[in-house]
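Asker: Here it is, the structure, as structure tokens.
The values are calculated or read from the model by the stated rules, or taken from the named source; none is laboratory data. Only a predicted model underlies this, so the values are computations on that prediction, with no experimental measurement involved. As a convention, Cβ positions derive from the backbone with ideal geometry for all residues, glycine included, and neighbour counts pool all protein chains shown.
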């Protein structure tokens with residue numbers, strides 16, 4: 001059974017997805033029965049985003065919700081950012097490439113933002129939430145917020161953003 005690895009950001013952990021392969025394909029363990037979490041947490045809501053190349057989603061932070069994310073299809077540049085403005089480590093970030101071949105879970109604690117840029121033609125990211133999703137509770141930061149200095153591998157291309165992400169400014173949006 002896979003185990004969780006803490007990555008040096010308080011509460012953020014990564015774990016390989018348990019999977020079984022045979023001639024028919026593969027079976028993934030994503031919910032009940034996956035590797036025990038590094039902390040006691042129950043997930044009550046799930047959703048997924050389906051996006052195409054150059055779509056950038058985030059940076060979205062939630063002050064009270066744990067999130068567990070897994071890339072089911074494609075390839076993503078996934079970033080976790082400390083968005084706790086009272087923290088001396090505010091703005092510290094770490095990036096991962098998540099894909100349907102690497103098959104990893106990322107655990108994101110409350111107060112941390114996450115964002116992802118789609119690197120493949122199409123990608124599907126599955127989210128598990130410890131509370132029901134509430135957009136009004138989120139704080140949204142622009143992907144290019146100068147306080148974070150995040151390197152996005154876009155090779156001169158402009159990302160495709162939602163209106164919500166385009167107009168974000170580190171404020172709570174309804």
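Asker: Report the residue count in the range 3-33 for those that are part of a strand (DSSP E or B), in contact with a strand residue (DSSP E or B) (Cβ under 7 Å, 6 or more places away or on another chain) and at pLDDT 70 or above.
Answerer: 7
Asker: A further question on this structure: What residue, of 107, 117, is modelled with pLDDT of 95 or more, in a strand (DSSP E or B) and buried (at least 17 other Cβ atoms within 10 Å of the Cβ)?
Answerer: One residue alone meets the criteria, 117.
Asker: Free of Cβ contacts under 8 Å to residues at least 60 places away in the same chain, over 13 Å from the mean Cα position of the chain (by Cα) and in a strand (DSSP E or B) - does that describe any residue in the range 80-101?
Answerer: no
Asker: Which of the following residues is in contact with a helix residue (DSSP H, G or I) (Cβ under 9 Å, 6 or more places away or on another chain) and over 19 Å from residue 62 (Cα atoms): 146, 153, 159?
Answerer: One residue alone meets the criteria, 159.
Asker: What about residue 73, is it at negative phi and more than 12 Å from the chain's Cα centre (by Cα)?
Answerer: Yes, satisfied.
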